[in-house]
Amino acid sequence: MNLIYRFLPLFGGIVALLTELLLSNHRRHPATAYPYYEYLLIILSGIFVVFAILSFFSKAASAHLARKGKLYLAAFIFLSVLNILTAKTAVFPPLLFPSFDNVLSIFVEKTSLVVKCILHSFKLLGLGVFFGITIGLIVGSAVGFSLRANYWLNPVIKIIGPIPATAWIPFALVVFPTTFGASVFVVALAVWFPVVLLTSSGIQNVPKSYFEVGKTLGAGKAHELLRIAVPAALPGIFQGIFFGVCSAFIALMTGEMFGAKAGIGWFINMEKELAEFKGVYAGLILIALFCTVILGLLFKIRSKVLRWQKGLIKW
């Protein structure tokens, strides 16, 4: 059975490739300069051929294919069905559901613009997430650890936090001199609230016995906060960061649609205004890849930082 799982992704890639090669595109779908989807399927199939060969020598590759093989197969089958319903038969309206070739052509024909938008969004997201996490950790730690800070800051958090970050866009556009600065503020605000909430909650839920032991050993307030409270609350803090990053993408896309001159959100809005839905789908693919990479990095960081909890918590 393990041998079958090793070749399931390759089988799915072959099915998708045969679907593309044996069935002609419907005449209502514009032809592209090159068969980009076919090239993509060939590349993916080649990758899975390499993985299948490596699985005979690498336990990690074998375990990965055994665990994810069915998922990859399902993904290829889904692409094949969608390809039939769009490019091959035009069951879905071609204007709203362009072929895979047309969507992928955006990345080739508008490479410089796509790269510019990615870099702009990465810079904007990076600054917003940095400020949001930094301020969120400071405020959350203070609220969770200090009764005085909790007394003064908790009402402010309860008032500002539940308001969607995107609702602050008119305010941000007036206060900040540039639309970029306003977008950074909106993204940071979207990250700030989940980080504050789960950081303070995590610190407040640390068992009192931890602090009593620390005091017995002569720990001061700073030591209790930095060496006891924050490390014990790290699982909750990472959850807040994950929620914050997901909220940041929503704020990022919305913020870039108002007055921005670049960015993935701006690109999607521009393509939508031009009724070029192939560009809209290309932008959505960029968002999905962007979010997947960033969340994947955060998962790696969390696994490394919280390796002492391995076996205790099931992520």
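Annotations
- Filter pass, residue 197 being within 25 Å of residue 150 (Cα to Cα), open to solvent by 50 Å² or more (accessible area, probe 1.4 Å) and modelled with pLDDT under 85: no
- Region 80-89, residues that are in a helix (DSSP H, G or I) and either in contact (Cβ under 8 Å) with a residue 60 or more places away in the chain or aliphatic (A, V, I, L, M) (or both): 80, 81, 82, 83, 84, 85, 87, 88
- Single residue of region 43-54 satisfying the filter (in contact (Cβ under 8 Å) with a residue 12 or more places away in the chain, out of contact with any His (no Cβ under 8 Å at 6 or more places or on another chain) and not aliphatic (A, V, I, L, M)) that is surrounded by the fewest Cβ atoms within 10 Å (Cβ to Cβ): 45
- Among (1) polar (S, T, N, Q); (2) closer than 20 Å to residue 243 by Cβ; (3) open to solvent by 30 Å² or more (accessible area, probe 1.4 Å), the one test that residue 178 misses: (2)
- Unmet criterion (only one of (1) at pLDDT below 90; (2) under 16 Å from the mean Cα position of the chain (by Cα)) for residue 129: (1)
- Residue 98 being farther than 20 Å from residue 239 by Cβ and open to solvent by 60 Å² or more (accessible area, probe 1.4 Å): no
- Residue 71 meets each of the listed conditions (1) open to solvent by less than 80 Å² (accessible area, probe 1.4 Å); (2) part of a helix (DSSP H, G or I) apart from (1).
- In region 208-260, of all residues being without any contact (Cβ under 8 Å) to a residue 24 or more places away in the chain and not in a helix (DSSP H, G or I), the one that is farthest from residue 148 (Cα to Cα) corresponds to 257.
- Considering residues of region 301-315 that are surrounded by fewer than 10 Cβ atoms within 10 Å (Cβ to Cβ) and among the charged types (D, E, K, R) only, the residue modelled with the highest pLDDT: 304
- Region 9-33 - residue that is within 27 Å of the chain's Cα centre (by Cα) and of a type in the set (A, V, I, L, M, F, W, C) and, of those, least open to solvent (accessible area, probe 1.4 Å): 16
- Test for residue 77: is it among the hydrophobic types (A, V, I, L, M, F, W, C), assigned to a helix (DSSP H, G or I), at negative phi and open to solvent by 70 Å² or more (accessible area, probe 1.4 Å): yes
- Restricting region 262-300 to residues that are aliphatic (A, V, I, L, M), more than 16 Å from the chain's Cα centre (by Cα) and open to solvent by less than 30 Å² (accessible area, probe 1.4 Å) leaves a set whose member that is modelled with the highest pLDDT is 280.
- Test: residue in region 34-42 that is surrounded by 14 or more Cβ atoms within 10 Å (Cβ to Cβ), of a type in the set (Phe, Trp, Tyr), within 30 Å of residue 263 (Cα to Cα) and at pLDDT 90 or above: yes
The values are calculated or read from the model by the stated rules, or taken from the named source; none is laboratory data. The structure presented is a predicted model; accordingly, all values stated were derived computationally and were not measured. Heads up, the Cβs are rebuilt from the backbone with ideal geometry, glycines too, and the neighbour counts pull from every protein chain shown. To get the accessible areas, we keep the full protein, side chains included, count just its heavy atoms, and leave off ligands, DNA and RNA. Shrake-Rupley method; radii C 1.70, N 1.55, O 1.52, S 1.80 Å.
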